[in-house]
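Here's the structure we're looking at; comments come further down.
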Amino acid sequence: MSSINGDKARFHRIQKSKVVRRERMRVLRKKLVADASALKPIEV
């Protein structure tokens, strides 16, 4: 890490991991909602 660039490399690495984590959570949440709606009994 150079003094000119500062923490740029670490910041972008962390930022990329946050983006990936959010995307995985979005997919997981969508799957859980679909599973929950499939299991939910139809109320009449």
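Restricting attention to region 10-43, the residues that are within 16 Å of the chain's Cα centre (by Cα) and small (Gly, Ala, Ser) add up to 1. Quick one: would you say Ala38 is modelled with pLDDT of 85 or more and either surrounded by 10 or more Cβ atoms within 10 Å (Cβ to Cβ) or out of contact with any Pro (no Cβ under 9 Å at 6 or more places or on another chain) (or both)? So Ala38 fails the test.
The values are calculated or read from the model by the stated rules, or taken from the named source; none is laboratory data. This structure is a prediction, so every number in the text was calculated from the model and none was measured. Here the Cβ is made from the backbone with ideal geometry for all residues, glycine too, and neighbour counts use every protein chain on show.
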